[in-house]
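One structure is given below, encoded as structure tokens.
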Amino acid sequence: MAKITFLTPSGEKVTVDAASGSLMEAAVEEGVEGIHGDCGGVCSCATCHVKVDKDWMERVGPASEDEETILELEDEADERSRLSCQIEVTEALDGLTVEVVEE
Ligand code: FES
């Protein structure tokens, strides 16, 4: 079980308990504002775009090549950007904070 905190575009802080699956799935299940997961998690829509807290970037790891390709199309993307459907929830991510990027 990992506690993941999402900072929503309207400034809300939502912490979810996630056991498995992706960060996107955990967020959609809890109805976190700004995370839609329109493509179902196959890395093609970017409606799950988040920015990882700087202190966590190493533990979360870098984006894959496919993910980078999608993120390059996003105006808001920067070096902290990830697609949350591509981040697998593990115990190691307990305490992670990500910022939800408004579409
Ligand atoms: S849910 Fe579509 S890219 Fe993540």
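Bear in mind these aren't lab numbers, they're just calculated from the coordinates by the rules spelled out. As the structure is a computational prediction, the values presented were derived from the model and not from experiment. Virtual Cβ from ideal backbone geometry, glycine too; neighbours counted across all protein chains shown.
In region 1-97, which trypsin sites (Lys or Arg not before Pro) are in a loop and have at most 16 other Cβ atoms within 10 Å, using DSSP for the loop call?
Arg80
At 7 Å along the Cα-to-beta-carbon direction for both Glu29 and Glu88, put a label point, then send me their distance in nm to one decimal.
1.6 nm
Ordered by residue, what ³J(HN,Hα) values in Hz, to whole numbers, does region 67-72 give under the Karplus form 6.51 cos²θ - 1.76 cosθ + 1.60, where θ = phi - 60° and Gly and Pro are x?
5, 4, 4, 5, 5, 4
Return the sequence-ordered ³J(HN,Hα) values of region 19-27 in whole Hz as given by the Karplus equation 6.51 cos²θ - 1.76 cosθ + 1.60 applied to θ = phi - 60°, using x for Gly and Pro.
Values, residue by residue: 9, 7, x, 9, 4, 4, 4, 5, 5 Hz.
Only bridges with both residues in region 2-100 count here: give the DSSP antiparallel percent, nearest 5.
Of all bridge pairs located within region 2-100, approximately 80 percent are antiparallel.
What FRET efficiency would be calculated for the residue pair Val14, Ser44, taking the C-beta separation as r and a Förster radius of 25 Å, to the nearest 0.05?
Approximately 0.50, to the nearest 0.05.
Where Lys and Arg each count +1 and Asp and Glu each count -1, what net charge lies around Val52 among other residues with Cβ under 10 Å from its Cβ?
0
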